[in-house]
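Derivation of every value follows stated rules applied to the coordinates shown; laboratory data play no part. None of these values were measured; they are calculated from a predicted model. Note: ideal-geometry Cβ built from the backbone for every residue, glycine included; neighbour counts use all protein chains shown.
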Amino acid sequence: MDAKEYFSATNGKGFLATSNAKGEVNIAIYSRPIVQENGEFVFGMTDRLTHANLQDNGKAVYAFTEERGYGGRRFYLKMTKEDNTGPLLEKIRSLTDQCLHPGAGKAVKYVVSFKVTKELPLICMECPGDHSKHLCEIAGTEGFAQIKELAQQPDFMCMNCGRMADKAENLCNPMLMEDIPISH
């Protein structure tokens with residue numbers, strides 16, 4: 001997937017998850033990354049917990065949830081570089097002023113670059129068949145009457161999201177209810 005094209009064509013919200021050396025996790029709402037020609041993601045950062053965690057542990061996950069439905073992507077990241085000066089920092093500060101309010105960009109102190117080490121869908125890692133017929137996708141389009149129709153006497157459960165349906169073809173990762181281990 002071309003990340004630059006994806007972020008320019010898709011509306012949604014992003015979240016950046018980090019952890020410190022002790023494994024204490026933080027998650028924060030983050031703007032879309034600036035995607036460089038080499039595929040690296042660049043974010044502007046304030047001097048707060050996300051930045052502090054990256055000083056201890058340079059790994060992060062950026063999750064982007066699309067505006068409608070349950071679509072989106074997860075990007076596993078490894079920090080490659082940090083700058084506290086330069087034209088890219090000024091560009092990010094200017095964008096922050098435009099998106100939030102004049103003066104908000106002053107809080108952005110760092111430009112942090114990341115290599116994408118892995119990319120996965122937000123949900124539905126195993127999704128055979130026609131996804132438009134799956135309950136997760138139907139729910140995203142608010143087709144609740146159709147969901148009621150497809151889940152009157154459910155025999156199957158999706159092992160990704162826990163939704164139940166009468167037929168396996170309406171789930172991304174179906175398992176017969178009677179075959180679900182007790183530990184689930």
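Observations
- Relative contact order, percent, the range 3-121 [alpha-carbon distance under 8 Å, six or more residues apart]: 28
- FRET efficiency, 1/(1 + (r/R0)^6) with R0 30 Å, evaluated for residue 28 and residue 120 via beta carbons: 0.90
- Longest site-free stretch - the chain; sites: GluC sites (Glu not before Pro), DSSP loop, at most 12 other Cβ within 10 Å: 68-125
- Applying Stokes-Einstein at 25 °C and 0.890 mPa s to the Kirkwood radius of the range 131-179, computed over alpha-carbon pairs, gives a translational diffusion coefficient of 238 µm² s⁻¹.
- The range 135-184-the range 1-56 distance, computed between alpha-carbon centres (Å): 32
- Answer label for semi-axes √(5λ) of the Cα gyration tensor in Å (calculated), chosen among (i) 47, 21, 15; (ii) 38, 18, 14; (iii) 29, 21, 13: (ii)
- Gaussian network model of the chain, Cα within-10 Å springs - most flexible of 152, 55, 36: 152
- Simple spin-label estimate for residue 106 and residue 85 in nanometres, 7 Å along Cα-Cβ: 2.1
- With loop membership from DSSP and a limit of 13 other Cβ atoms within 10 Å, the longest segment of the chain without trypsin sites (Lys or Arg not before Pro) is 69-166.
- FRET efficiency for the pair residue 46 and residue 21, taken as 1/(1 + (r/R0)^6) with r the Cβ-Cβ distance and R0 = 22 Å, rounds to 0.60.
- Point-to-point label distance, residue 59-residue 139, nm (Cα→Cβ direction, 7 Å offset): 2.9
- Helix-only CD estimate at 222 nm, as mean residue ellipticity for the chain, using -39500 (n - 2.57) per DSSP H run (n ≥ 4): -6000 deg cm²/dmol
- R0 of 45 Å, Cβ-Cβ distance residue 99-residue 148: FRET efficiency to nearest 0.05: 0.70
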